[in-house]
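Notes for the one structure printed next.
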Amino acid sequence: MARLAEVSHQTVSRVLNDHQSIRPATRQRVLDAMAELNFTPSRVARMLATSRTYTVGVLATVSGTYYGPTSAISAIEDAARDAGYSTLLASPRNVDATGLSDAIEYLIREGVEGIVVLAPQTLTAKAMAQARHPVPVVMMQPDSQDADPGLSVDNEAGGALAAQHLWELGHRRLALVAGPADWAEAGARRRGFEKGLAAVGARPVAVAGGDWSAESGYAAFARIAGSGFTGVFCANDQMALGVMHAASDCGLRLPGDLSLVGFDDVPEAAHYRPPLTTLRQEFDIIGRRAIGALLARVQGDPVARDEPVRPQMIVRASTTPPRASAP
């Protein structure tokens, strides 16, 4: 390759490692030679030449059963791959300071150059702040002081959008099925919904909590079904599915008797019966931002500070102006 590009082997190595001292014309000759020879750089050879692993760790304190965290991890992996890095996932059994420290030590032993932390539970984020960070770390925890606000969805804005949508349809008695109290996202979505109603001089007529599962949504609806509401905001789509089931069992029609808004826009949401109005999260944007911020810290470059990603309201058939009947 060096002979074809008419450069030294050292110059080829510098191009492969994206060295900034190479002139554009020289860099292009090497790239053209690579294309002509159908050359793909060996990751192992790259590691040996640079004494770097090109691996980043992902420390996730939640299981793969949750749509949001699972989607965020997938987006991080895609962004890392596009940047030439592999990822290594660590999920601690215990989410206290000891468990987090053990997970971090595991990632360090495996040679990661930095760690993206996905810790949606408020107490876990506090424990993470107390843990030792021997490599660069970025936090995807919206309520953590150590987190970059640009690495999360604006959950509060999403809750406010749900309230606004239902209010503008004409609903005046609204209920909330909130997520777990120890999750930052759940708290932010609840605050946003309550602030959205407060802006028009209203408040939820009923609030029940769930654990993100459809079963908990079903149970939550049963607890508040006699409150006379015509619209419900559920903090995620799975709980909205449970609310749909419970409402149907109570003889209610959606959206004729009850309008429903979820959060996440899971792939199945468009196929609920009726299709679910919901707030869509842009996980690919968050994943790219997280890897960009982490690699900037690894390389000692300035980290861009972005605003939280605003969710998008996806209006489907589960919301409509209210009728006289109510649950």
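The values are calculated or read from the model by the stated rules, or taken from the named source; none is laboratory data. Note that the coordinates shown come from a computational prediction; the quantities given were computed from them, not determined experimentally. Every residue, glycine as well, gets a Cβ built from its backbone with ideal geometry; the counts of neighbours run over all protein chains shown. Please note that ligands, DNA and RNA were not included when accessible areas were found on the heavy atoms of the full protein model with its side chains. Shrake-Rupley method; radii C 1.70, N 1.55, O 1.52, S 1.80 Å.
Overview of values
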{"quantity": "Within the range 96-117, tally of residues that are within 29 Å of Asp211 (Cα to Cα) and either modelled with pLDDT of 90 or more or open to solvent by 60 Å² or more (accessible area, probe 1.4 Å) (or both)", "calculated": "8"}
{"quantity": "Matching helices (runs of 4 or more DSSP H) fully within the range 65-136 where at least 3 residues are within 11 Å of Thr55 (Cα to Cα)", "calculated": "67-82"}
{"quantity": "All positions within the range 17-54 that are part of a helix (DSSP H, G or I), at pLDDT 65 or above and open to solvent by 60 Å² or more (accessible area, probe 1.4 Å)", "calculated": "Pro24, Ala25, Gln28, Arg29, Leu31, Asp32, Ala35, Glu36, Leu37"}
{"quantity": "Any chance Ala162 is at pLDDT 95 or above and in contact with a His (Cβ under 9 Å, 6 or more places away or on another chain)", "calculated": "no"}
{"quantity": "Number of positions in the range 270-295 that are among the hydrophobic types (A, V, I, L, M, F, W, C), at pLDDT below 95 and either assigned to a loop (DSSP other than H, G, I, E, B) or open to solvent by 40 Å² or more (accessible area, probe 1.4 Å) (or both)", "calculated": "1"}
{"quantity": "Residue match in the range 257-265 (condition: surrounded by fewer than 17 Cβ atoms within 10 Å (Cβ to Cβ) and not polar (S, T, N, Q))", "calculated": "no"}
{"quantity": "Residues of the range 215-233 classified as surrounded by 20 or more Cβ atoms within 10 Å (Cβ to Cβ) and either of a type in the set (Lys, Arg) or in contact with a Ser or Thr (Cβ under 9 Å, 6 or more places away or on another chain) (or both), total", "calculated": "3"}
{"quantity": "Some residue of the range 154-164 being open to solvent by 20 Å² or more (accessible area, probe 1.4 Å) and of a type in the set (S, T, N, Q)", "calculated": "yes"}
{"quantity": "Residue among Met244, Met239 that is under 19 Å from Arg173 (Cα atoms), buried (at least 16 other Cβ atoms within 10 Å of the Cβ) and aliphatic (A, V, I, L, M)", "calculated": "Met244"}
{"quantity": "Some residue of the range 311-325 being open to solvent by 70 Å² or more (accessible area, probe 1.4 Å) and modelled with pLDDT under 95", "calculated": "yes"}
{"quantity": "Every residue from the range 143-171 that is closer than 28 Å to Leu294 by Cβ and in a helix (DSSP H, G or I)", "calculated": "Pro149, Gly150, Leu151, Asn155, Glu156, Ala157, Gly158"}
